[in-house]
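FYI, it's all coordinate maths here, none of it is from the lab. Small disclaimer: the values here were computed from a predicted structure and weren't measured. Cβ placement follows ideal geometry from the backbone for every residue including glycine, while neighbour counts extend to all protein chains displayed.
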Amino acid sequence: MKVGVVKELKVGEHRVGLIPAFVASLVAQGHEVLVEKNAGIGSGFSDAEYRIAGAKVISSADEIWQKSDLIVKVKEPIKNECLLIKPGQVLFTYLHLAPNVELTELLLKSGATCIAYETVTDDLGGLPLLAPMSAIAGRMSIFVATNLLQKQCGGSGILPCGIAGVQPSKILILGGGTVGFNAAFIAHGIGADVTVFDNRPYVLSRISEYFYGQVKTAFSTQDNIAKHAGASDIIIGATLVAGASTPKLISKDMLNDIKIGSVLVDVAIDQGGCFETSRPTTHEEPYYNISGITHYCVTNMPGAYARTATFALNNATYPFIEKLANRGCLRALTEDRNLRNGLNIHDGFITNQAVADSQKRTAVPFEKL
């Protein structure tokens, strides 16, 4: 199979879909790997490393799209890339289609098979390709928020960890999954006053037990969130509904009760965000202010730590890439239900029910196509 790796075009994105070590593994198994020139530079991989691994380094992204059977990316293709996708081609990347009707339309028209990292599952029902990036984004969310509390960034000027005789900041984390757990890990580690909300009792129990009760937990209801939001200095949006649009947990009206100088970090922005006032931002212009409240809503947060994120992502995605290359797409999808759960679009049809529901469309299961 011809496997293509193109340079990411999303603003501030420095990760790469395949590292040289895994390129070498594919080449050793008889596959041809085409890598766009400078595709790995942002993650610290030179073209020379890809050549040594056996890849063909090509200057033209258009040529890679034209020649490849399988395209491995990190983030969703931009419009110009969508126009290069061929019928029958396999696209394996993060897609986050639920809130993105335009991208969905373009991919449906392409006739390609589009498998989304974020909906691939494991045997326990987890999301193994989303988890490593969620862990990075969760930890990073606290670093970002603590910086934005500085006065020069429009923040309240509260030192999150506090100091002797002065109370630390109050951090509210909405969601106790991978993002929320990792946010709590860092927030607790710096000495902040942390509360995690979730509507799953077993998740709250796990967090309480792990942190020996030093991280507070609360059941997620709209009334409960509203009461805590007003007292919080930092609110982390860490809610996820796999493949679907994220519920809005902080409404626009609730901003009136949140302290001026507080910081909202919406890690769920890829799926539409869990704050009503959220809108996607970039690493170049990462935050904005509404009514004195700072919002950080970067859609590719882990891209800032590209080296770490690329290794973590490749470790998770490579077994599936190898399976697609060795077995062929249709056989791999037929034999592996976890990979099949990642299928969002195939041959002009939406196959993922959550995506279809979010866009008020009809899904057609892969088995019926």
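Scanning the stretch 1-17 for residues that are assigned to a strand (DSSP E or B), charged (D, E, K, R) and more than 22 Å from Arg331 (Cβ to Cβ) gives no hits.
Mind listing just one residue for me: the one in the stretch 249-274 that is within 20 Å of the chain's Cα centre (by Cα) and part of a loop (DSSP other than H, G, I, E, B) and, of those, surrounded by the fewest Cβ atoms within 10 Å (Cβ to Cβ)?
Gly272
Hey, among the residues in the stretch 176-191 that are aliphatic (A, V, I, L, M) and farther than 11 Å from Lys216 by Cα, which one's surrounded by the most Cβ atoms within 10 Å (Cβ to Cβ)? Explain how you work it out, then say what you get.
Initial filter on the stretch 176-191 (aliphatic (A, V, I, L, M)): 179, 183-184, 186-187, 190.
Keeping just the survivors that are farther than 11 Å from Lys216 by Cα gives 179, 183, 186-187, 190.
Details: Val179: 30, Ala183: 32, Ile186: 19, Ala187: 30, Ile190: 17.
Within the stretch 176-191, the match that is surrounded by the most Cβ atoms within 10 Å (Cβ to Cβ) is Ala183.
Confirm whether Glu76 is in contact (Cβ under 8 Å) with a residue 60 or more places away in the chain, in contact with a Leu (Cβ under 6 Å, 6 or more places away or on another chain) and in a loop (DSSP other than H, G, I, E, B). Here the answer is yes, as Glu76 does meet what is asked. Condition (residue is buried (at least 24 other Cβ atoms within 10 Å of the Cβ) and part of a loop (DSSP other than H, G, I, E, B)) applied to the stretch 166-175: is it met by at least one residue? Checked the stretch 166-175: at least one residue is buried (at least 24 other Cβ atoms within 10 Å of the Cβ) and part of a loop (DSSP other than H, G, I, E, B).
Determine if the stretch 70-77 includes at least one residue that is surrounded by fewer than 22 Cβ atoms within 10 Å (Cβ to Cβ), on the phi < 0 side of the Ramachandran plot and not charged (D, E, K, R). Taking every residue of the stretch 70-77 in turn, none turns out to be surrounded by fewer than 22 Cβ atoms within 10 Å (Cβ to Cβ), on the phi < 0 side of the Ramachandran plot and not charged (D, E, K, R).
Yes/no matrix, rows are residues, columns are (1) closer than 21 Å to Phe320 by Cβ; (2) touching a Leu at 6+ places or on another chain (Cβ under 9 Å); (3) surrounded by 24 or more Cβ atoms within 10 Å (Cβ to Cβ):
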{"position": "Pro20", "(1), (2), (3)": "yes, no, no"}
{"position": "Val35", "(1), (2), (3)": "yes, yes, yes"}
{"position": "Glu63", "(1), (2), (3)": "no, yes, no"}
{"position": "Cys82", "(1), (2), (3)": "no, yes, no"}
{"position": "Leu91", "(1), (2), (3)": "yes, yes, yes"}
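Taking the stretch 276-316 as the search range and keeping residues that are within 11 Å of Arg15 (Cβ to Cβ) and polar (S, T, N, Q), which one is surrounded by the fewest Cβ atoms within 10 Å (Cβ to Cβ)? Out of the qualifying residues, it is Thr308.
Condition check ((1) over 24 Å from Gly4 (Cβ atoms); (2) surrounded by fewer than 16 Cβ atoms within 10 Å (Cβ to Cβ); (3) over 20 Å from the mean Cα position of the chain (by Cα)) across all residues:
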{"site": "Ala325", "(1), (2), (3)": "no, no, yes"}
{"site": "Leu333", "(1), (2), (3)": "no, no, yes"}
{"site": "Val355", "(1), (2), (3)": "yes, no, no"}
{"site": "Thr362", "(1), (2), (3)": "yes, yes, yes"}
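Within the stretch 307-336, can you find the residues that are of a type in the set (Lys, Arg) and in contact (Cβ under 8 Å) with a residue 40 or more places away in the chain? Show your work before the answer.
Within the stretch 307-336, the first condition is being of a type in the set (Lys, Arg), and the residues that meet it are 307, 323, 327, 331.
Listed by number, the list holds a single entry, Arg307.
Considering the stretch 223-240, and only residues there that are out of contact with any strand residue (DSSP E or B) (no Cβ under 8 Å at 6 or more places or on another chain) and farther than 26 Å from Phe143 by Cβ, the residue that is surrounded by the fewest Cβ atoms within 10 Å (Cβ to Cβ) turns out to be Asp223.
Taken over the stretch 176-199, the criterion of being touching a Phe, Trp or Tyr at 6+ places or on another chain (Cβ under 9 Å) and not in a strand (DSSP E or B) is satisfied by Gly176, Gly180, Phe181, Ala184, Phe185, Ile186, His188, Asn199. Selection within the stretch 93-140: residues that are within 22 Å of Thr334 (Cβ to Cβ) and among the polar types (S, T, N, Q). The member of this set that is surrounded by the most Cβ atoms within 10 Å (Cβ to Cβ) is Thr119.
Close contacts from the stretch 18-36, counting a first residue that is part of a loop (DSSP other than H, G, I, E, B) and a second that is hydrophobic (A, V, I, L, M, F, W, C) and buried (at least 18 other Cβ atoms within 10 Å of the Cβ), with Cβ to Cβ under 6 Å and a gap of 6+ residues or different chains, come to Leu18/Val5; Leu18/Val72; His31/Met1; His31/Val3; His31/Ala325.
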